[in-house]
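Peer 1: Let me give you the structure first, and then I'll get to my questions.
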2 protein chains.
Amino acid sequence: MSHEFERETLNRYLGEHNLKHTRQREIILEAFLESKGHVSSEDLYQTIRSDNPRIGYTTVYRTMKLLVEAGLAEERNFDDGVTRYEIEHEHHDHLVCTLCGKIVEFESALIEKTQSDIAERHGFNILRHRHELYGHCAACRDD
Amino acid sequence: MSHEFERETLNRYLGEHNLKHTRQREIILEAFLESKGHVSSEDLYQTIRSDNPRIGYTTVYRTMKLLVEAGLAEERNFDDGVTRYEIEHEHHDHLVCTLCGKIVEFESALIEKTQSDIAERHGFNILRHRHELYGHCAACRDD
DNA sequence: TTCGGTGCAAAAGATTTGCATATGT
DNA sequence: ACATATGCAAATCTTTTGCACCGAA
């Protein structure tokens with residue numbers, strides 16, 4: 001899947017919301033799509049900076065929020081006080097290595113089902129959840 | 001269970017670590033134990049303030065970290081940028097109402113087991129995890 | 001007396017906001 | 001032309017630190 005599809009989604013969103021298609025937004029979307037995911041606005045700002053010194057970090061922060069609004073990005077927090085973004089795709093949770101920072105995605109229908117049961121039992125209507133397992137990955141355990 | 005037990009735990013900890021037993025620490029521990037749990041340092045500071053205007057918020061922040069060290073408190077974060085503390089007790093996770101802020105604890109052996117399996121499958125050695133379900137509680141859904 | 005503790009003010013770090021200017025449409 | 005976007009600086013917000021003074025042991 002090329003990036004064309006994503007870019008089109010953004011353009012449609014911009015059009016539908018009276019927002020302008022700017023060079024900065026294009027550059028930021030590009031950098032985001034090319035990232036491995038789980039990048040912070042600061043990461044993207046640093047990456048973009050070298051080729052585009054005139055771009056402001058404020059614009060990156062604002063644009064990432066916009067991408068979330070547009071449904072292209074999803075916000076994630078991994079307990080280190082930095083907001084990270086990943087390309088929106090099917091629901092999943094994360095394993096995080098606290099030594100090297102490696103992030104692995106996982107998904108469990110059984111856990112999802114159990115969550116629903118628990119929520120129902122407590123009368124809650126669940127809108128979203130966070131589920132993160134923190135520890136040491138195989139590579140780090142060998143050191 | 002009275003608070004005497006907890007206070008003794010703190011005193012033992014203080015003694016074992018060459019730390020002093022101060023009036024402030026006593027006041028803060030008292031306020032913490034009397035809270036319903038899931039309180040922030042700021043919450044405690046405000047509560048304590050009325051009776052003890054001379055206490056500094058810095059001391060509250062520092063003391064809460066100390067209580068965590070001592071094993072009396074546990075740190076929690078619920079996505080609103082504020083660190084909360086609860087009285088340390090058996091492991092559990094949380095349901096959070098995003099409308100009224102209500103926090104309900106839950107525990108599931110099935111989920112714990114599934115988590116272990118997933119971690120093992122990915123070669124991770126899990127040290128801790130976060131699992132929070134966000135939504136609307138029964139009371140708020142009725143409004 | 002001697003360290004650790006406290007309180008204030010200032011610093012930090014991530015993110016947001018005010019505002020004058022620049023730029024899509 | 002007009003409304004939105006940008007970029008810089010300054011403001012926020014929560015938590016941490018530096019430092020002179022205080023107080024427990």
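Peer 1: Based on alpha-carbon positions alone, could you give the equivalent ellipsoid semi-axes of the protein assembly as shown from the gyration tensor, as √(5λ), descending, whole Å? Write out the running numbers ahead of the final one.
Peer 2: Numbers: eigenvalues 306, 111, 92 Å².
For the protein assembly as shown, the ellipsoid semi-axes come out as 39, 24, 21 Å.
Peer 1: Related question: Name the residue, out of A:L67, A:L19, A:L29, whose mean-square fluctuation peaks in a Gaussian network model built on chain A with Cα pairs under 10 Å.
Peer 2: The residue with the greatest mean-square fluctuation here is A:L19.
Peer 1: Still on this structure, I have one more. Which whole-Hz ³J(HN,Hα) couplings does the stretch A:80-93 yield from phi under the Karplus relation 6.51 cos²θ - 1.76 cosθ + 1.60, θ = phi - 60°, glycine and proline marked x?
Peer 2: With the stated coefficients, the stretch A:80-93 comes to 10, x, 10, 7, 10, 10, 10, 5, 4, 8, 3, 4, 6, 10 Hz.
Peer 1: Shifting gears a bit: Taking every residue in B:90-102, how many Cβ atoms of other protein chains lie within 10 Å of its Cβ, on average? Before the final figure, lay out the partial values.
Peer 2: Working: counts 0, 0, 0, 5, 1, 9, 4, 4, 2, 0, 0, 0, 2.
Per residue, the number of nearby Cβ atoms from other chains is 2 on average.
Peer 1: Just checking chain A: which Cys have no other cysteine's beta-carbon under 4.7 Å?
Peer 2: By the Cβ distance rule, which asks for a partner under 4.7 Å, the isolated cysteines are A:C100, A:C140.
Peer 1: What percentage of all Cα-Cα pairs in the stretch A:1-53 are separated by more than 16 Å?
Peer 2: 44 percent
Peer 1: Hey, can you grab everything whose amide H is under 5 Å from the amide H of B:F78? Only 5+ residues off in sequence or another chain; H modelled, so Pro and N-termini drop out.
Peer 2: B:R84
Peer 1: Assuming a ≥ b ≥ c are the square roots of the Cα gyration tensor eigenvalues, decide whether the stretch B:68-143 counts as rounded (a/c under 1.5), prolate (otherwise, with a/b larger than b/c) or oblate.
Peer 2: Numbers: a/c = 2.25, a/b = 1.39, b/c = 1.62.
In terms of gyration-tensor shape, oblate.
Peer 1: Would you please give the FRET efficiency between A:D51 and B:R49, computed as 1/(1 + (r/R0)^6) with r the Cβ-Cβ distance and R0 = 45 Å, to the nearest 0.05? Mind dumping the intermediate values first?
Peer 2: Working: r = 52 Å, r/R0 = 1.15.
About 0.30, to the nearest 0.05.
Peer 1: Which FRET efficiency value, to the nearest 0.05, do you get for A:C100 and B:D79 by plugging their Cβ-Cβ distance into 1/(1 + (r/R0)^6) with R0 = 25 Å? Numbers along the way, then the final one.
Peer 2: Working: r = 25 Å, r/R0 = 0.99.
It comes out at approximately 0.50.
Peer 1: If you build a Gaussian network model of chain A, linking Cα atoms that sit under 10 Å apart, which residue out of A:N125, A:N77, A:N52 swings the most?
Peer 2: Evaluated over chain A, the most mobile residue of the options is A:N125.
Peer 1: What is the distance in Å between the Cα centroid of the stretch B:76-143 and that of the stretch A:50-102?
Peer 2: So the two Cα centres are separated by 22 Å.
Peer 1: Related question: Give the Rg (one decimal place) followed by the Dmax (whole number) of the stretch A:4-87, computed from C-alpha coordinates and expressed in Å.
Peer 2: Using the Cα atoms of the stretch A:4-87, the pair Rg, Dmax is 12.2, 36 Å.
Peer 1: Find every distance from the label point of A:G101 to the corresponding label point in the other copies (7 Å from Cα along Cα→Cβ) and write them in nm, one decimal, shortest first.
Peer 2: 3.4
Peer 1: What are the GluC sites (Glu not before Pro) within the stretch A:88-143 that DSSP puts in a loop, where the Cβ has at most 13 other Cβ atoms within 10 Å?
Peer 2: Values: sites: A:E88, A:E90, A:E105, A:E107, A:E112, A:E120, A:E132; in loops: A:E88, A:E90, A:E107.
Within the stretch A:88-143, the qualifying GluC sites (Glu not before Pro) (loop, at most 13 other Cβ atoms within 10 Å) are A:E90, A:E107.
Peer 1: Please go through the residue pairs B:K65/B:K113; A:K102/B:K36; A:K36/A:K65; A:K102/B:K102 and name each one whose alpha carbons sit more than 28 Å apart in this structure. Walk me through the numbers before you get to the answer.
Peer 2: Numbers: B:K65/B:K113 30 Å; A:K102/B:K36 36 Å; A:K36/A:K65 18 Å; A:K102/B:K102 33 Å.
Violating the 28 Å Cα-Cα cut-off are B:K65/B:K113; A:K102/B:K36; A:K102/B:K102.
Peer 1: Provide the convex hull volume over Cα atoms per residue for chain B, in Å³. Let's see the in-between values first.
Peer 2: On the way: hull volume 22.9 nm³, N = 143.
Once divided by residue count, the hull of chain B is 160 Å³.
Peer 1: Averaged over B:131-140, how many beta carbons belonging to a partner chain fall within 10 Å of each residue's beta carbon?
Peer 2: Values: counts 8, 5, 12, 6, 9, 5, 5, 4, 1, 3.
Per-residue shielding by partner chains comes out at 6.
Peer 1: Here is a follow-up. Beyond 16 Å, what share of the Cα-Cα pairs of the stretch B:93-135 remains, rounded to the nearest whole percent? Write down the numbers at each step before the final one.
Peer 2: Values: 418 of 903 pairs.
Within the stretch B:93-135, distances greater than 16 Å cover 46 percent of Cα pairs.
Peer 1: Where does chain A land at 222 nm, in deg cm²/dmol rounded to the nearest 500, when only DSSP H runs of n ≥ 4 count, each adding -39500 (n - 2.57), divided by all residues? Walk me through the numbers before you get to the answer.
Peer 2: Details: 6 runs with 66 residues, N = 143.
So the helix-based figure for chain A works out to -14000 deg cm²/dmol.
Every number here is computed from the coordinates shown, using simple stated rules; none is lab data. Being a predicted model, the structure only gives us computed values, none of them experimental. When we count neighbours, we look across all protein chains shown, and the Cβ atoms used for this are built from the backbone with ideal geometry, even at glycine.
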